[in-house]
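Have a look at the structure below, then the notes.
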Amino acid sequence: MAPSAEESVTAVWRAESARLVGALTRMTRDLDLAEDLAQDALVSALESWPTSGVPTNPGAWLMTAAKRRAIDTFRRAESLRRKTDELGRGLSEEDGMPDLTSQVDFIEDDVLRLIFLSCHPKLTPESRAALTLRLVGGLTTGEIARGFLVAEPAMGQRISRAKRTLSEVRAEFEVPDGKERSARLDDVMAVVYLIFNEGYTATAGEDWMRPELTNEAIRLARMLAELVPEEPEVHGMQALLELQASRSAARVDESGDPVLLDDQDRSLWDEQLIRRGLAALERASRLAASGRPVGRYYLQAAIAAQHARAATPEESDWRAIAGLYDVLAGAAPGPVVEVNRAVAHGRAFGPEAGLAILDGLALPGSHLLPSVRGDLLARAGLPREAAACFREAASLTRNESERSLLLGRAEESEKEARC
């Protein structure tokens, strides 16, 4: 069945909103005004398309509608007549709808500028994530709020504060260069990864996963890889997200309960996502071979690729995975990496090797450390100690599905200890 006009408007908005808001921000140098103009164009489409039909080039239709509204806005403001003239000349030279394809250099630059603006260093990571989903992802405030389990008014205030902060610091709508660009690109990737992780394993709530967030993060990663094709880490991040997401259908059972990696039905893994992920990893490898540096995302993608290439859990090359985690620990040291390194070493060299890595490690308030310690203790034949760790982990997690999983493992270990 063909999509309705309303569904078409929603789909076009999701695909084109970043280009639209980015181009309008460049034209007006006013982020709030640009978003208002884009929303006005969306309202026009909702009013017009159900009767006139969806235009052949819907993105161009929205762009033209928004530019005409920009001209009207500037005409009403005497002090901005110069901008009105500039926009008016640009529109009068067009023959009907503007051809977005011929403007790709400008449009794609605008999207990249918008991504960097959304991830400005003066914003908190949470605000960057929300603003990125709003401006670049095209999600509504309600969708973002549901994704992060926040009340819609609170999320609206967060987004408004973020835009106000950008205005107060007079954030420039430009792509930084040199060292600043590298630093800001790291911030951008961190935001996309934060969005993905919140969708892949929700930190709170009843659901184990939130697919709408993982899907948006993958879309943002693909967009970033197209916009910054010379950076291997960007392709590495895309590869990581594609490969991780390929397991989604197997990560829950029919009841929606979590399924651990070893217990997953790998025939449910998404082959298309695996192929896309491996292709992105290959692009990153080629760039790295030419001398460009790689980092945490590339290395994590290489680890995920080891699992993706294994038809069964037994075929996973845990020694290779442990070696990659050793390199990752040097490139991006931190307690979470160490916990995952302990898992890999425990599988490659025995649970005692993993427990040795955990000794002296601290992750206050996190369920991750006791959860992994419990798994290693269970593999070491110490079910009573493992049960205590699983119960500690269950008390720390805020995700109901994960709590149920951990309590189930605690009960299994206690039953084994009684035997």
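Each value in this text was obtained by applying a stated rule to the coordinates, not by laboratory testing. Note that the coordinates shown come from a computational prediction; the quantities given were computed from them, not determined experimentally. In this analysis, Cβ positions are derived from the backbone assuming ideal geometry, glycine residues included, and neighbour counts consider all displayed protein chains.
Overview of results
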read-out	value
Intensity falloff of segment 363-419 expressed as log10 I(q)/I(0), Debye formula with alpha-carbon point scatterers, at q = 0.12, 0.16, 0.17, 0.21 Å⁻¹	-0.22, -0.39, -0.44, -0.65
Mean separation of Cα contacts under 8 Å (6+ apart) over length of the chain, as relative contact order %	10
Hz values of 3J(HN,Hα) by residue in segment 161-172 - Karplus curve (6.51, -1.76, 1.60), Gly and Pro given as x	5, 4, 5, 5, 4, 4, 5, 5, 8, 6, 4, 8
In Hz, Karplus ³J(HN,Hα) per residue of segment 271-279 (6.51, -1.76, 1.60; θ = phi - 60°; x = Gly, Pro)	5, 5, 5, 5, 4, 5, x, 5, 5
Aspartates and glutamates whose Cα lies under 16 Å from that of LYS415, excluding same-chain neighbours fewer than 8 positions away	ASP375, GLU385
Under-5 Å amide H pairs with GLY205, H placed in peptide plane, nonlocal only	GLU400
Relative contact order of segment 323-362, defined on C-alpha pairs under 8 angstrom at six or more residues apart (%)	33
For VAL252, residues with placed amide H under 5 Å, excluding near neighbours	VAL259
Helix 400-418 axis, angle to the chain major axis (alpha carbon atoms, nearest 10°)	10
Relative packing of peptides 185-198, 395-408 - highest average C-beta neighbours within 10 Å first	185-198, 395-408
Residue order, fewest to most surrounding Cβ atoms within 10 angstrom, among LYS163, LYS415	LYS415, LYS163
Spin-label zone in segment 365-399 - amide nitrogen under 20 Å from a point set 7 Å from the Cα of PHE349 along the C-beta vector	372-381
The chain, dipole about Cα centre (Lys/Arg Cβ +1, Asp/Glu Cβ -1), debye to the nearest 20	900
Size of electric dipole in segment 151-294: Cβ of Lys, Arg +1 and of Asp, Glu -1, about Cα centre, debye, nearest 20	620
Segment 342-399-segment 50-75 distance, computed between alpha-carbon centres (Å)	57
Tilt relative to the chain, helix 296-308 - C-alpha long axis, 0 to 90 degrees, to 10	60
Nearest 10 degrees, 0 to 90: helix 211-227 Cα axis against the chain principal axis	60
Calculated FRET efficiency for the pair VAL43/VAL259, C-beta based, R₀ 45 Å, to 0.05	0.55
³J(HN,Hα) computed for each position of segment 30-43 - Karplus, 6.51 cos²θ - 1.76 cosθ + 1.60, integer Hz, glycine/proline x	9, 5, 4, 4, 4, 5, 4, 5, 5, 5, 4, 5, 5, 4
Computed [θ] at 222 nm, helices only, for the chain once each DSSP H run of length n ≥ 4 contributes -39500 (n - 2.57)	-23000 deg cm²/dmol
In nm, spacing of pseudo-spin labels at ALA362 and ARG75 (7 Å Cα→C-beta vector)	6.7
Relative contact order, percent, segment 363-419 [alpha-carbon distance under 8 Å, six or more residues apart]	35
Options [x] 21.4, 71; [y] 24.3, 85; [z] 22.3, 69 - which one matches Rg and Dmax of the Cα atoms in Å as calculated here	[y]
Distance between segment 118-179 and segment 239-305 - C-alpha centres, whole angstrom	28
